[in-house]
Amino acid sequence: MQVQNEADTMHKELMELISTLSNGTISDRSSSVFYKGASGSQYSSNSFSLLPSQPKIFHGRESELQEIMELLGQNTPRVAILGGGGMGKTVLARAVLHHTNTCARFEHRFFVSAEAATTAVELAALIGLHLGLEPGANLTRTVVQYFISQASPCLLVLDNLETPWEPAQAREGVENLPSLLAAVEHLALIITLRGSERPGKVRWSRPFLQPLQPLSNNAAQKIFEEITDDSHASDEKAQLLELTENMPLAVDLMAHLVEFEGISTVLNRWKTEKTSLLSIGYDRHSNLDASIAISLLSPRITPGAQQLLSLLSILPDGLSDHQLTQGNLPITDILSCKSVLLATSLAYKDTKNRLRSLVPIREHIQRFSPPS
């Protein structure tokens, strides 16, 4: 509920900013309107262009980072970082943003979170605020013209693009903006988006970056040990990491909890609290349940897809295609439901081609939407 309230507040304040911009009553450089982030800190609208910090702990995404850097070496690079909630898409984008080669090539770098936007107009307004543009009626044209007018290469990262992109009624309009931006030759575009589908209307750079998967055991252990400052091997540590199934967000939250409470205490608490143990923060980056819930709020999640996900929550080994089609499961259009879960990254195919969900997602579903 707290996370939803924060999102509602962010959206309301964005709408107020859009109204002010559209009326042409102020310049954002002298604005007295403030945006309150989920962390509770306030930023004036003329400070939206501040870049997020470089990740201090970064393990397990080195190959993806290298792939993106190679793509950024192409002409007019267009990169989509995909994956489920909590897979580290934003962290990877931040690592790209601060990479030495990125800083050398792109004189102007911008990072815009689309989390508060629900339409193409709101998305254009957010970008405009980050660019420090003067108010005007046609925000989309103004944003595109800004990048066209730049003499040196620019990099724009649109983070959490799923928020405005997910609703079917807004998708076409939202896709138009990246399409127009992609036509600017000296602008490199990176988006992060939940799921495994790339938005249409943009010719994304090849080869495609594959959706992010859970970390390797070694990478998850490195992150855990760097946060807890405990490099000693133990059965309890192995048990905790198994509970995260190497989902980066879960590993990070679990490690920070262990740092203060100790491994034994956290293991005992997990037995009764499950994912709520890792859900004390107020945004998707510090609250595991909130992160998973955002994926479940996708308009694509039909009742049938929800039923299938609930069933997967009690099946650690998942379901084979034969079981899906021949198991007489009481789910209408079950293969379509399977596709939805794969597209939203709430489920995945394992090495045996079985449909499964990660432990944190299964535990969340068992708590909030158990099978009937």
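One residue stands out in region 89-105 among those that are in contact with a Leu (Cβ under 7 Å, 6 or more places away or on another chain) and surrounded by 20 or more Cβ atoms within 10 Å (Cβ to Cβ): the one that is farthest from K56 (Cα to Cα), namely K89. Per the conditions (1) modelled with pLDDT of 95 or more; (2) surrounded by 17 or more Cβ atoms within 10 Å (Cβ to Cβ), the sole criterion not satisfied by G281 is (1). Inclusion of L181 among residues that are in contact (Cβ under 8 Å) with a residue 24 or more places away in the chain, more than 23 Å from S295 (Cα to Cα) and in a strand (DSSP E or B) is not warranted. Residue check: is K237 out of contact with any Ser or Thr (no Cβ under 9 Å at 6 or more places or on another chain), basic (K, R) and either part of a helix (DSSP H, G or I) or surrounded by fewer than 18 Cβ atoms within 10 Å (Cβ to Cβ) (or both)? So K237 fails the test.
Taking the numbered list (1) touching a residue at least 40 places away in the same chain (Cβ under 8 Å); (2) closer than 20 Å to A80 by Cα; (3) among the charged types (D, E, K, R) in turn, E175 passes all entries but (1). All of (1) more than 21 Å from V96 (Cβ to Cβ); (2) surrounded by 23 or more Cβ atoms within 10 Å (Cβ to Cβ) hold for T192 with one exception: (1). If you take the residues of region 240-278 that are of a type in the set (S, T, N, Q) and buried (at least 20 other Cβ atoms within 10 Å of the Cβ), which of them is farthest from G60 (Cα to Cα)? In this case the residue turns out to be T275. Residue under question is L82, and the condition is that it be farther than 14 Å from M247 by Cβ, surrounded by fewer than 17 Cβ atoms within 10 Å (Cβ to Cβ) and within 17 Å of the chain's Cα centre (by Cα); does it hold? So L82 does not fit the description; no.
The values are calculated or read from the model by the stated rules, or taken from the named source; none is laboratory data. This structure is a prediction, so every number in the text was calculated from the model and none was measured. Every residue, glycine as well, gets a Cβ built from its backbone with ideal geometry; the counts of neighbours run over all protein chains shown.
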